[in-house]
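Data first, discussion second: the structure below is written as structure tokens.
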Amino acid sequence: LEAQFHQSQKMEAVGTLVGGIAHDFNNTLAGITGNLYLAKKAADSLPDVVDRLNSIEELAFRAAGMIQQLLTFSRKGTVQMHPISMPSFLKEVIKLQEVSVPENISLTCQVGDVDLIVNGDINLLQQALINLINNARDAVESVGTPAITVKLDQCSVDEEFLERYPAITSRDVACITISDNGEGMSPEIQKHMFEPFFTTKGVGKGTGLGLAMVYGAIQSHGGAIAVESEEGVGTIVRIYLPLLQSGAAEGVVDDTTGVLGGR
Ligand code: ADP
């Protein structure tokens, strides 16, 4: 018990430190992107310079994404739950993400006609989705016809599912699926993927906090997350969130591979 206490104290100290650095770094980045904007305007007729400035801009956006991840991870305070209409929420997030996904990657969103409502913290869910889309983007970087799909379905989970994954608090769930045809993950990587600071992306590219944050966010919503992945084929991430309000149940969840309900 004492060891656990020390561990959580340490994590808290790391969180505070990281949060402080991330906050200052964020201000610095704002200075960089502000100046970039002005430089791009001034360099309008110099294509070579504009090219380089665009590259810098892309890197700055990436850095901003990483800092956002660190800030969310170290964020204290309570979750603010409100009813969220999932179809419009997802469409909005995809629209915002389109700018940070290169044009050669097809990013599609299939939300259906039913308005599924979930009680959730919109900032937390948005950040979780962004992390998952960014992971998919990184995974498809070197494949021939890169594609990412975000899909929303209504599902009714069965008794067995509820027993196996007690974190799920409702039989009717919204299922958000994020699939990519990227490099996939080895079983070894899948074993560690939710651990904070676990990354295969190398220094300056990944923080290893993305999936840890997603896991925490889904847990605080009484949901569950399942990951299916195969090297060289791709990855499917399924997120189950309890529905606040629903129409008729459509699908039944039978694929429970890798669902992490009560870790
Ligand atoms: P980061 O993205 O900063 O590395 P994450 O916690 O989001 O941190 O992911 C941890 C690791 O899991 C990644 O470094 C990568 O190896 C693997 N991973 C996550 N999502 C995917 C995906 N969609 N396809 C392939 N590998 C993935």
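The values are calculated or read from the model by the stated rules, or taken from the named source; none is laboratory data. Predicted, not measured: the structure shown is a model, and the values here were computed from it. We place every Cβ from the backbone using ideal geometry, glycine too, and count neighbours over all the protein chains shown.
For the reader, a short list of remarks on this structure follows.
- Within the stretch 210-240, the set of residues being closer than 26 Å to VAL14 by Cα, within 8 Å of the ligand (Cβ to nearest atom) and crowded, with 21+ Cβ neighbours inside 10 Å comprises GLY210, LEU211, MET213, VAL214.
- Scanning the stretch 184-194 for residues that are among the β-branched types (Val, Ile, Thr) and part of a loop (DSSP other than H, G, I, E, B) returns no hits.
- If you go through the stretch 98-136 and keep only what is within 22 Å of GLU231 (Cβ to Cβ) and either free of Cβ contacts under 8 Å to residues at least 40 places away in the same chain or aliphatic (A, V, I, L, M) (or both), you end up with ILE105, LEU132, ILE133, ALA136.
- Any hit, the stretch 176-195, residues being among the acidic types (Asp, Glu), more than 30 Å from VAL14 (Cα to Cα) and out of contact with any helix residue (DSSP H, G or I) (no Cβ under 9 Å at 6 or more places or on another chain): no
- Boolean, SER88 is under 30 Å from ASP153 (Cβ atoms), of a type outside the set (Asp, Glu), at pLDDT 85 or above and in a helix (DSSP H, G or I): yes
- Just so you know, in the stretch 251-263 the residues that are surrounded by 14 or more Cβ atoms within 10 Å (Cβ to Cβ) and outside any strand (DSSP E or B) include one that is modelled with the highest pLDDT, and it is VAL253.
- Set side by side, the residues LEU29, LEU36 differ, and just one is modelled with pLDDT of 85 or more and under 22 Å from the mean Cα position of the chain (by Cα), which is LEU29.
- Restricting attention to the stretch 133-179, the residues that are aromatic (Phe, Trp, Tyr) and surrounded by fewer than 16 Cβ atoms within 10 Å (Cβ to Cβ) total 0.
- Considering the stretch 195-209, the residues that are of a type in the set (A, V, I, L, M, F, W, C) and at negative phi include one that is farthest from the ligand (Cβ to nearest atom), namely VAL203.
- Checklist (1) at pLDDT 95 or above; (2) over 17 Å from the mean Cα position of the chain (by Cα) applied to GLY112, failing item: (1)
- Of all residues in the stretch 195-228, those satisfying the criterion of being touching a strand residue (DSSP E or B) at 6+ places or on another chain (Cβ under 8 Å) and part of a helix (DSSP H, G or I) are VAL214, TYR215, ILE218.
- All positions within the stretch 112-132 that are surrounded by fewer than 20 Cβ atoms within 10 Å (Cβ to Cβ) and either touching a strand residue (DSSP E or B) at 6+ places or on another chain (Cβ under 9 Å) or of a type in the set (Asp, Glu) (or both): GLY112, ASP113, VAL114, ASP115, ILE117, ASN119, ASP121, ILE122
- Matching residues in the stretch 141-194 - criterion: being among the acidic types (Asp, Glu), within 16 Å of the ligand (Cβ to nearest atom) and touching a strand residue (DSSP E or B) at 6+ places or on another chain (Cβ under 7 Å): ASP180
- Residue list for the stretch 115-137, restricted to those being within 11 Å of the chain's Cα centre (by Cα) and hydrophobic (A, V, I, L, M, F, W, C): LEU124, LEU125, ALA128, LEU129, ILE130, LEU132, ILE133, ALA136
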